[in-house]
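Okay, structure first, notes after.
The values are calculated or read from the model by the stated rules, or taken from the named source; none is laboratory data. Worth saying up front: this structure is predicted, and the values here are computed from it rather than measured. Glycine also receives a Cβ, built like all others from the backbone with ideal geometry; neighbour counts cover every protein chain displayed.
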């Protein structure tokens, strides 16, 4: 393991870490670990999504799969590793399928390296503390309990912090893996859920209100990749609703990447519906052509039917030649993608 030229990562305060060490990010998996025989497919999809998210942010990473955890390392030179890892950790928090993001230090698989690093990371803390040690590799000379005891005693001697195993103010985590030891003092919650793309593809009707983006987020969290469809009142109205739909799509895109927004100008179609004699059934007919009512209210009838017979709607659609109309609208739809410049 090559040493970095840094004296300590940001979370270590003024204390210098034992050399060599390397800053990294640990991603803790959530329900993916329960997937049994097809777990590998979920992990592969998650790896692809992580790499795409990092590429979109201009971050070069190296990805390693461990048992129940993914390790990310900065691919840049050593001088920039610490700052790059901070950005990597922040970006990883938006990737669906990750339960927790931990900014960690990777050190040699030796008891003294693990203990010295844990003590250094506790510098500058206040309040009580606890040590959580986990030995995945049973060949390591210290058991989990022995490692935690050694670290706890050294931290007390160095800083005088009181121990509180149930509700500590600070916790230092030590994980002994097959090839190295990871040490960290905190973590941040990820999005959880399943990797985007594992559950198929969905088209979300984006009206501009709060319901549709919330629904889209919840679908993404269950593994659906979403594209977005917005019906505007243009040319009878301005482009304001399109701007709003685009802004919502842009915000949601950080959870999946590669989003697309399709905009259909529906104003003239509304005119045709209003002139077709639909009257109370106009809103029902519009919804069957995939409109949200609030996109253009200029032509909304005074009285709106909330229950309708399908035969009545079909007669209106026959007068409008709704099949051909739908094809025409689809052909004129404009596609927008997030601007990453």
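Annotations
- Residues satisfying the stated conditions in segment 2-39, i.e. modelled with pLDDT of 55 or more, surrounded by 12 or more Cβ atoms within 10 Å (Cβ to Cβ) and farther than 21 Å from residue 91 by Cβ: 15, 16, 17, 18, 19, 20, 21, 31, 33, 35, 39
- Some residue of segment 117-134 being closer than 30 Å to residue 42 by Cβ and surrounded by 21 or more Cβ atoms within 10 Å (Cβ to Cβ): yes
- Of the listed requirements (1) out of contact with any strand residue (DSSP E or B) (no Cβ under 7 Å at 6 or more places or on another chain); (2) at pLDDT 95 or above; (3) over 28 Å from residue 59 (Cβ atoms); (4) not in a helix (DSSP H, G or I), residue 96 misses just one: (3).
- Breaking point among (1) over 30 Å from residue 49 (Cα atoms); (2) modelled with pLDDT of 95 or more, for residue 138: (2)
- Residue in segment 220-241 that is surrounded by the most Cβ atoms within 10 Å (Cβ to Cβ), counting only those that are modelled with pLDDT of 90 or more and assigned to a helix (DSSP H, G or I): 220
- Exactly one residue out of 184, 217, 161 is under 27 Å from residue 53 (Cα atoms), in the same structural domain as residue 120 (by TED's automatic domain parsing) and at pLDDT 95 or above, and it is 184.
- Just so you know, in segment 184-199 the residues that are over 11 Å from the mean Cα position of the chain (by Cα) and not in a loop (DSSP other than H, G, I, E, B) include one that is surrounded by the fewest Cβ atoms within 10 Å (Cβ to Cβ), and it is 188.
- Scan of segment 200-217 for residues that are surrounded by 15 or more Cβ atoms within 10 Å (Cβ to Cβ) and either part of a loop (DSSP other than H, G, I, E, B) or without any contact (Cβ under 8 Å) to a residue 24 or more places away in the chain (or both), ordered by number: 206, 207, 208, 215
- Those residues of segment 137-176 which are touching a strand residue (DSSP E or B) at 6+ places or on another chain (Cβ under 6 Å), part of a loop (DSSP other than H, G, I, E, B) and buried (at least 16 other Cβ atoms within 10 Å of the Cβ), in sequence order: 140, 161, 168
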